[in-house]
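The values are calculated or read from the model by the stated rules, or taken from the named source; none is laboratory data. The model shown is predicted, which means the values in this text are computed figures rather than measured ones. Every residue, glycine as well, gets a Cβ built from its backbone with ideal geometry; the counts of neighbours run over all protein chains shown.
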Amino acid sequence: MNRAALLIPHFNNPGGLIASLASIGASETIDVVVVDDGSTRARIDEAACRAALRAQGELRFLYLPQNVGIEHALNTGLQHIVDAGYEFAARLDCDDLAMPERFAKQIAYLDDHPDVMLLGSAVTFFDASGDRFTIRQPQGHDEIVRQMHDDNAFTHPAVMFRISAVREIGLYPTDCHAAEDFAYFWRFVARYRTANLAEVLTRSEYNDAGISMSKRRVQQAARLRLLWRHFDWTPRSALKMAKAMTSLILPLAAARTIKRIIGRKNWS
């Protein structure tokens, strides 16, 4: 067993799963836990997955009997990782790609910074036309705290976190549908030191079928609730609440137009 396990939820996307597994470099020492969330239309080809994975580690499949949602699939896999005794858990979604030595670099950083419990990185988003844009999240903990009052300061498929923290704060919350990562990372930020690496360590697929797009209003409503939960009664926090409420009300086309005009990082 390696020190780290990579958690990948799967739902009706075996081709994307194979692409994600194939992106992990042969020098990486990491085990992989795939949780199938009740796929019926497109099932996992385990033999093809094992052939695609070149990393030095084990590949395990967990199957849920029916589709229950990503937060429950994540918790099934994360609980397995906790019970197995791993030191670190990392994340990746189907179709997302790990850059060379991503996991080795994150483990090395966490080894050098034992007080950091959650670590992300910059992420480049791509679609069929190629790379679209890069999100560079704040690197230092104080900047991360400020960003969390606006929007998620971590890109979910790029994170790695310590299992020792999971044993204290628990699994992903299940009351923030489509924003379970934002809610979970708030638990880390509120209790521990966190960080992001400046380097792009993950390439993430950008499409309208993803959770952030297909469940945009549900996600925005959950985000608004989280911002209110962590409201600190400052003018800045009030401004961010107003912006989140505007995002909830605006149609997707209008929100995209604003992002193009003023910059994606200035309007979440």
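Remarks
- Single residue of the range 21-33 satisfying the filter (assigned to a loop (DSSP other than H, G, I, E, B) and of a type in the set (A, V, I, L, M, F, W, C)) that is farthest from the chain's Cα centre (by Cα): 26
- Among the residues of the range 13-33, the ones that are surrounded by fewer than 18 Cβ atoms within 10 Å (Cβ to Cβ) and either at pLDDT below 95 or touching a Gly at 6+ places or on another chain (Cβ under 9 Å) (or both) come to 1 in all.
- Verdict on residue 43 being closer than 18 Å to residue 95 by Cα and part of a loop (DSSP other than H, G, I, E, B): yes
- Each residue in the range 164-188 was checked for being crowded, with 21+ Cβ neighbours inside 10 Å, at pLDDT 95 or above and among the aliphatic types (A, V, I, L, M), and 1 pass.
- Number of positions in the range 65-88 that are in contact with a strand residue (DSSP E or B) (Cβ under 8 Å, 6 or more places away or on another chain), among the acidic types (Asp, Glu) and under 18 Å from residue 157 (Cβ atoms): 0
- Check on residue 95, charged (D, E, K, R), closer than 25 Å to residue 198 by Cβ and out of contact with any His (no Cβ under 9 Å at 6 or more places or on another chain): yes
- Taken over the range 96-117, the residue count meeting the criterion of being hydrophobic (A, V, I, L, M, F, W, C) and assigned to a helix (DSSP H, G or I) is 5.
- Unmet requirement for residue 60, which otherwise passes all of (1) surrounded by fewer than 21 Cβ atoms within 10 Å (Cβ to Cβ); (2) out of contact with any strand residue (DSSP E or B) (no Cβ under 6 Å at 6 or more places or on another chain); (3) not in a loop (DSSP other than H, G, I, E, B): (2)
- Just one residue in the set 93, 36 is on the phi < 0 side of the Ramachandran plot, part of a loop (DSSP other than H, G, I, E, B), of a type in the set (D, E, K, R) and crowded, with 20+ Cβ neighbours inside 10 Å; that residue is 93.
- Only one of 6, 74, 78 that is part of a strand (DSSP E or B), under 16 Å from the mean Cα position of the chain (by Cα) and surrounded by 21 or more Cβ atoms within 10 Å (Cβ to Cβ): 6
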